[in-house]
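The values are calculated or read from the model by the stated rules, or taken from the named source; none is laboratory data. Everything numeric in this text was worked out from a predicted model, so none of it was measured. In this analysis, Cβ positions are derived from the backbone assuming ideal geometry, glycine residues included, and neighbour counts consider all displayed protein chains. Ligands, DNA and RNA are stripped out before the accessible areas are found, and what is left, the full protein with its side chains, is counted by its heavy atoms. Shrake-Rupley method; radii C 1.70, N 1.55, O 1.52, S 1.80 Å.
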Amino acid sequence: MNLKTAYEPYFKIGAAISRFNLQTPANTRLLLDQFNSFTCENDMKPMYYIDVETIKKDPAKYDLEPALKFDVAKPYLEFAKKAGIPMRGHTLVWHNQTPKCFFHEEYDEEKPLVGRDKMLARLENYIKGVLTFVQTEYPGVIYAWDVVNEAIDEGDFRKSVWIDTIGRDFVMKAFEFARKYADPGVALFYNDYETAQEWKRDLIISEILKPLMEKGLVDGMGMQSHLLMDHPNPDTYRTALEMYGALGLQVQITELDLHNADPGEESMHALAERYAAFFEIYLNAKKSGKANITCVTFWNLLDENSWLSNFRKETSYPLLFKGKSEAKEAYYAVLEKAVPKESIDKWEPGYPDSEYEVKW
Ligand code: GLA
């Protein structure tokens, strides 16, 4: 038994991976053995596509059509194509991890921000370029894109250079362009964090999802779901999930992890129970038709590789696997929600030690 088989009747189970994971054979084996979707943790963010070095050599030439590069994304796309594992594209438009110069006249941060028309042209050509490359070279590999990430903050649209250049409709425009250039069948998502908070949930629905739905531009809502042991409350989370689901969109849990800084047995048991509670919510929502969940993605494979230790400034033990692909109690708890206990065997990866060496 494995995660992808146990959840096959309901939704895909994914994981985010980094370059380190991609180049560690035991990690890619774990991914392929247990998961049937993956996301690049970082390497398909705007800063890796926008080719600042080339642009700077001749800014006038690239004024409306930014030069793009795919050297960082390619190894993941190659891997996905060869291994036959589908990918989520993450992410096209974000306020973070995007070169600052992208928003300025002559791509020079010292010069003023460009006006709306020029930024719209840059945005359209950037989205066109990324989607065309991926769909031409790797057709069918990416089945869903996070078109816009994290546009809502502090009770409104987040203050960002996207707003300063284009205005509040940058979200609508990004989706218009994504729809225009995405292959049919590629699902377009809005993705955000803390999506169960009531004010944020309501704004996402009224200001982002509904206007996009009126124009047929969005297919799904991405709930990142970086959870804590005591937040959010599962009922609040379920309510939000069902409200997104009630819109008729797909819902994907795009970045699931559960921060826990205590690796002791009791604490890891509590982690397992909390994961079980959330998977019960996911399964119930799917089975009852209250939310069409199509994928649940964990934010990395192993505790040791989680971004949380860095972000929370304390070692975190937030995932289902650790060390040499060993399954934690939480792994079994998640499986037990979907399949009978008798059908679950002990997970023994048995990968040779040599496969854990990173070959850069
Ligand atoms: C956000 C982003 C992700 C990633 C995480 C931290 O959730 O959407 O891409 O940067 O933060 O790893």
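Could you check Asn300 against (1) under 21 Å from Phe321 (Cα atoms); (2) part of a helix (DSSP H, G or I); (3) open to solvent by less than 20 Å² (accessible area, probe 1.4 Å) and say which number it fails?
(2)
Quick test for you: out of Lys290, Lys337, Lys324, Lys286, pick the one residue that is touching a residue at least 24 places away in the same chain (Cβ under 8 Å) and farther than 20 Å from Leu3 by Cβ.
Going through Lys290, Lys337, Lys324, Lys286 in turn, the sole match is Lys290.
Can you name the number of the only condition in (1) more than 20 Å from Lys45 (Cα to Cα); (2) within 16 Å of the ligand (Cβ to nearest atom) that Leu256 fails?
(1)
One line per residue, one yes/no per condition, for (1) assigned to a helix (DSSP H, G or I); (2) among the charged types (D, E, K, R); (3) open to solvent by 70 Å² or more (accessible area, probe 1.4 Å); (4) not assigned by TED's automatic domain parsing to the domain that holds Tyr7:
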| position | (1), (2), (3), (4) |
| --- | --- |
| Leu258 | no, no, no, no |
| Ala270 | yes, no, no, no |
| Glu273 | yes, yes, yes, no |
| Ala277 | yes, no, no, no |
| Glu280 | yes, yes, yes, no |
| Lys313 | no, yes, yes, no |
| Glu336 | yes, yes, yes, no |
| Lys346 | no, yes, yes, no |
| Val358 | no, no, no, yes |
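I'm told Ser325 meets every condition in (1) buried (at least 21 other Cβ atoms within 10 Å of the Cβ); (2) within 16 Å of the ligand (Cβ to nearest atom); (3) over 19 Å from Ala276 (Cβ atoms) except one. Can you identify the failing condition by its number?
(2)
Residues that are in the same structural domain as Pro139 (by TED's automatic domain parsing) and buried (at least 18 other Cβ atoms within 10 Å of the Cβ): find the helices (runs of 4 or more DSSP H) completely inside segment 1-83 holding 2 or more of those.
Helices (runs of 4 or more DSSP H) meeting the threshold: 46-49, 74-83.
Restricting to segment 169-224, name every residue that is within 15 Å of the ligand (Cβ to nearest atom), assigned to a helix (DSSP H, G or I) and surrounded by fewer than 20 Cβ atoms within 10 Å (Cβ to Cβ).
Lys200
Cβ-Cβ below 9 Å, separation at least six or inter-chain, first residue in segment 250-266 and closer than 15 Å to His231 by Cα, second aromatic (Phe, Trp, Tyr) and more than 16 Å from the ligand (Cβ to nearest atom): which pairs?
Partner pairs satisfying both residue conditions: Leu256/Tyr275; Leu256/Phe278; Leu258/Tyr275; Leu258/Phe278; His259/Tyr317; Asn260/Tyr317; Ala261/Tyr317.
Write out, first by first residue and then by second, each pair whose Cβ atoms fall under 7 Å of each other, whose residues are 6+ apart or on separate chains, and whose first residue, in segment 296-313, is closer than 17 Å to Phe35 by Cβ and touching a residue at least 12 places away in the same chain (Cβ under 8 Å) while the second is open to solvent by less than 40 Å² (accessible area, probe 1.4 Å) and in a helix (DSSP H, G or I).
Taking only residues 6 or more apart or on different chains, the pairs are Val296/Tyr282; Leu301/Asn21; Leu301/Asn27; Leu301/Leu30; Leu301/Leu31; Asn305/Asn21.
Report yes if Leu249 is at pLDDT 95 or above and surrounded by fewer than 17 Cβ atoms within 10 Å (Cβ to Cβ), otherwise no.
no
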